[in-house]
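Comments concern the structure below.
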Amino acid sequence: MIRFILTRLSLLIPTFIGITLVAFFLIRLVPGDPIETMAGERGIDAARHEQLKKEFGLDQPLLVQYGIYIGRVLQGDLGKSIVTRESVLTEFQNLFPATVELGVCAILFALVLGIPAGILAAVRRNSIFDHGVMGLSLTGYSMPIFWWGLILILLFSVQLGWTPVSGRIDVLYYIEPVTGFLLIDSLMSEEEGAFLSALEHLILPTIVLGTVPLAVIARMTRSAMLEVLGEDYIRTAKAKGLSRFRVIALHALRNAMIPVVTVIGLQVGVLFTGAILTETIFSWPGIGKWLIEAIFRRDYPVLQGGLLLVGAIVMSVNLLVDLTYGLINPRIRHTR
Amino acid sequence: MTTETMEAPAVTAPTATPPHPLREFWGYFSANRGAVAGLAVIVAVVLLAVFADVLAPHSPYITDTTIALKPPFWQEGGSIAYPLGTDPIGRDILSRLIYGARLSLLIGIIVVTVSIVFGTILGLIAGYVRGMTEIAIMRLMDIVLTLPSLLLAIVIVAILGPGLINSMMAVALVILPHYVRLARAAVITETSKDYVMAARVSGAGALRLMFKEVLPNCTAPLIVQASLGISTAILDAAALGFLGLGAQPPSPEWGTMLADAREFVLRAWWVVTFPGLAILITVLAFNLLGDGLRDALDPKLKR
């Protein structure tokens, strides 16, 4: 197992170096002088220009610059936002919980609906229910979620007035961030109604962000179940006279879950893509909105640091999924 | 993502000559009703795009504030002259959608063509040359795959500047790895086969082997991926347009239309509903087609 972990880890190193290269060159590929780009329209005088050039190490040869950059990254120094003058890492840490909270809720939403739907569709193959689930999931998979969010707002917030339009919590409440997860913090804060308000604000963004994963998980569960249900050991289990429920829930489901776990892991990258759009629509103060705003403010250090951190997180989750996969399924561990 | 071909396609009793491959393909394909529906929608969208000049009742660009935010014809205040209503500066939404079909199809086709051409070349090289070249190409693709697709596209647009062409280039790069991986995998399987050896023995050069012998035998998965790729390309380009990084106003690109209309969502439901519906229907059609093609072309599912 240790050997397996080490091989997997060693495969990640070149990818990580690659991502640092992308992040490093990002600021240098922007046409024009990076200092002037960062200074924006206000312009900059020559002395300050020189000073900034030194500060960013832009007077050194490229290779040295990259070395300095890597050295800083490894010490956790990702530079400062040129707009807020705050360290990129601190900003990231402050906003990240909001994105995680939304992402976790979205995945839970997708699992709770997707797995049962997939199982039922497989068990009742070619029934109306099966066709319905497959049709809906392909629709969900094709969904432009930025539009989906607007439509849900139109329906539930504007027409029915059930849910708030945007934000994480009502402005009436001030919750001291402890964990950064508002659902937990608001429960601990003993403020009347704060938890409910946070929950209300989560509903629509969760549905919007969870739609694509829901579609993927339902389809994957169905096809994995169909494959497993055709195996000999299922026939044996049925022949032994086990109840239909026992055969499906205990014998089939366990094996069918293996590919589903992988798919869930792969959804992390998809979730980040979705979070960028969902957070923009619902003004959700997370990483996605932060990165989009950084683009419009031409805040390159934020973009650079955000790219690196998001890349590192996606890589770690993928590694974790790989390792879990090796744990659940010994065949994988031994063949490599 | 498999649609099992349960209803066995109507195959006639074995005859002396096997059916023409295209005929056989159509037999499998037409058994899948979803795929046929997808194809029908795509044909309709293509016709709309081609004959936009004739079909669109109004110009997609001319503004007229006296008729701003007119509702669709079935609602009070709407008129049949503007069937789907007008936008905040009085442009006919239907006409803009019809011209938008042109843009979306062009985006889909160009992006996928660029990706396929470069992806296939890189994949063929990786699979054929092996060694360090292969490692370098595949690691590079891993990086692209690791980063969330929209984030990477956004970063590229941030470098190149917003706009339709730049956003298309960004999306093309983001979907490139799928084609590289497919082409490489297919080449590796194919090159070990006897017919390639035979061609090599008879003196075929590397280029001929790659393009004349191996490539025609790995087209099936590429075609499937192309259809699915068009839907991804349309969706991603629309997302960039929505974020203000893709096609710029007054372009009638569907995502850009949504971005323009966003602030009017509370007052005029039609300005946001129809462009999104157009994206959804088109993307869904290409996904249905892709699924159908996969089932019809995948030899593993043919029994």
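The values are calculated or read from the model by the stated rules, or taken from the named source; none is laboratory data. Computed from a predicted structure; not experimentally measured. So basically every Cβ, Gly included, is an ideal-geometry build from the backbone, and we count neighbours across all protein chains shown. SASA here: full protein model, heavy atoms, side chains in, ligands and nucleic acids out. Shrake-Rupley method; radii C 1.70, N 1.55, O 1.52, S 1.80 Å.
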Filtering segment B:235-253 down to residues that are more than 7 Å from every other protein chain (Cβ to nearest Cβ), in a helix (DSSP H, G or I) and open to solvent by 10 Å² or more (accessible area, probe 1.4 Å) yields B:ASP236
When segment A:193-218 is checked residue by residue, the ones that are open to solvent by 30 Å² or more (accessible area, probe 1.4 Å) and under 26 Å from A:ASN94 (Cβ atoms) are A:GLY193, A:PHE195, A:LEU196, A:LEU199, A:GLU200, A:ILE203, A:ILE207
Note on segment B:217-234: residues away from chain A (no Cβ under 14 Å) and either in contact with a Lys or Arg (Cβ under 7 Å, 6 or more places away or on another chain) or more than 30 Å from B:TYR195 (Cα to Cα) (or both) are B:VAL224
Within segment A:114-146, residues being part of a helix (DSSP H, G or I), of a type in the set (A, V, I, L, M, F, W, C) and under 19 Å from the mean Cα position of the chain (by Cα) number 2
Over segment B:274-299, the set of residues among the charged types (D, E, K, R) and assigned to a helix (DSSP H, G or I) is B:ASP291, B:ARG294, B:ASP295
Worksheet item: Is at least one residue of segment B:204-227 closer than 30 Å to A:VAL212 by Cα, outside any helix (DSSP H, G or I), free of Cβ contacts under 8 Å to residues at least 12 places away in the same chain and open to solvent by 20 Å² or more (accessible area, probe 1.4 Å)?
Response: no
Right, B:VAL201: open to solvent by 30 Å² or more (accessible area, probe 1.4 Å), modelled with pLDDT of 85 or more and not polar (S, T, N, Q) or not?
yes
Within segment A:45-76, the residues that are surrounded by fewer than 14 Cβ atoms within 10 Å (Cβ to Cβ), modelled with pLDDT under 80 and within 18 Å of A:GLY305 (Cβ to Cβ) are A:GLU55
The residue that is modelled with the highest pLDDT, considering only those in segment A:29-39 that are open to solvent by 70 Å² or more (accessible area, probe 1.4 Å) and outside any loop (DSSP other than H, G, I, E, B), is A:LEU29
Note to self: Being more than 10 Å from chain A (Cβ to nearest Cβ) and buried (at least 20 other Cβ atoms within 10 Å of the Cβ) is the requirement here; does B:ASP295 meet it?
What the structure shows: yes
Is one or more of the residues making up segment B:149-169 without any contact (Cβ under 8 Å) to a residue 12 or more places away in the chain and open to solvent by 40 Å² or more (accessible area, probe 1.4 Å)? yes
By residue number, the members of segment B:255-270 that are open to solvent by less than 10 Å² (accessible area, probe 1.4 Å) and among the hydrophobic types (A, V, I, L, M, F, W, C) are B:LEU258, B:ALA261, B:ALA268
Residue pairs within 8 Å by beta carbon, gap of at least six or interchain, first lying in segment B:133-146 and more than 7 Å from chain A (Cβ to nearest Cβ), second of a type in the set (Val, Ile, Thr) and open to solvent by less than 20 Å² (accessible area, probe 1.4 Å), listed first then second, are B:ILE137/B:VAL180; B:MET138/B:VAL180; B:MET141/B:VAL180; B:VAL144/B:VAL174
Determine whether B:ILE93 is surrounded by fewer than 20 Cβ atoms within 10 Å (Cβ to Cβ) and closer than 17 Å to B:SER251 by Cβ. no
Within segment A:323-336, of all residues that are within 11 Å of A:THR262 (Cβ to Cβ) and open to solvent by 50 Å² or more (accessible area, probe 1.4 Å), the one modelled with the highest pLDDT is A:THR324
Residue hits (segment A:161-175; surrounded by fewer than 16 Cβ atoms within 10 Å (Cβ to Cβ) and farther than 13 Å from A:LEU204 by Cα) are A:ASP170, A:VAL171, A:LEU172, A:TYR174
Condition set over 20 Å from the mean Cα position of the chain (by Cα) and more than 10 Å from chain A (Cβ to nearest Cβ), scope segment B:254-267, selection nearest to B:VAL111 (Cα to Cα): answer is B:ASP260
Going through (1) without any contact (Cβ under 8 Å) to a residue 24 or more places away in the chain; (2) more than 7 Å from chain B (Cβ to nearest Cβ); (3) touching a helix residue (DSSP H, G or I) at 6+ places or on another chain (Cβ under 9 Å); (4) not charged (D, E, K, R) one by one, A:SER157 fails only at (1)
In the set B:THR282, B:THR273, the lone residue that is surrounded by fewer than 24 Cβ atoms within 10 Å (Cβ to Cβ), within 10 Å of chain A (Cβ to nearest Cβ) and of a type in the set (S, T, N, Q) is B:THR273
Those residues of segment A:102-145 which are aliphatic (A, V, I, L, M), within 12 Å of chain B (Cβ to nearest Cβ) and surrounded by fewer than 17 Cβ atoms within 10 Å (Cβ to Cβ) amount to A:LEU136
